[in-house]
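Please read the structure below before turning to the comments.
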Amino acid sequence: MRTERDRMIGRLRDAGAKLSNVAHTGVRGAALRWRRARPRRGRKQGFDMPRNLDVGATMAQASQAMTQAQQYLAASTPAVRSSADEARRTFTTATVTAAQEAPMTIGMNLLVHLELIVQLPGGVPLPVQRTEQLSPLHLARVAPGARLEVSLVPGMPESLRIEWGA
């Protein structure tokens, strides 16, 4: 015959509890302490991961991502050939015609592909494409139609540099 204590243990187990300790009170027998069983979700996933891990594919994917990051960084850093070129650098304005975010961030900076029309001295417009690292604070400054202060060496459109402090 089941006692009240056995029925209580059965209800607790049905509710997902595990019997952890029995403390004797002396008057009414044993008082049960129970806790709710916690499912171990992450444990199975953690044990299965080494079996399902393809190291070669993971390394190839990481190598491809690093190559892409190097290309973006090279495109976002204007080349300086000599100090004589820096001395010839002229300051002018450019109008943003298009801005497209690249699928990569470097730290908190976003990579953005910009299409600009640079007004050279003498009024000659020069279309230039540039990839730039932008702080999220400067993102609103490159909306299409915006005017930016830029500098470049005449005859070298790849030397274009946006003067963010101007």
Practice task
Work out the FRET efficiency for W164 and M66 from their Cβ-Cβ distance, taking R0 = 22 Å, and round it to the nearest 0.05.
Solution key: 0.20
Handout entry: Sorted by Cβ density within 10 Å, fewest first, the residues T97, T90
Key = T90, T97
Completion exercise
Neighbour-count ranking for I162, I117, I9 (other C-beta within 10 angstrom, fewest to most) reads I117, I9, I162
Handout entry: Debye, to nearest 20: dipole size of segment 72-162, +1 on Lys, Arg Cβ, -1 on Asp, Glu Cβ
Key = 160 debye
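Each reported figure results from applying straightforward, stated rules to the coordinates on display, with no laboratory input. Given the structure is predicted, the values throughout are model-derived calculations rather than measurements. Using ideal geometry, Cβ is built from the backbone for each residue, glycine included, and neighbour counts are taken over all protein chains shown.
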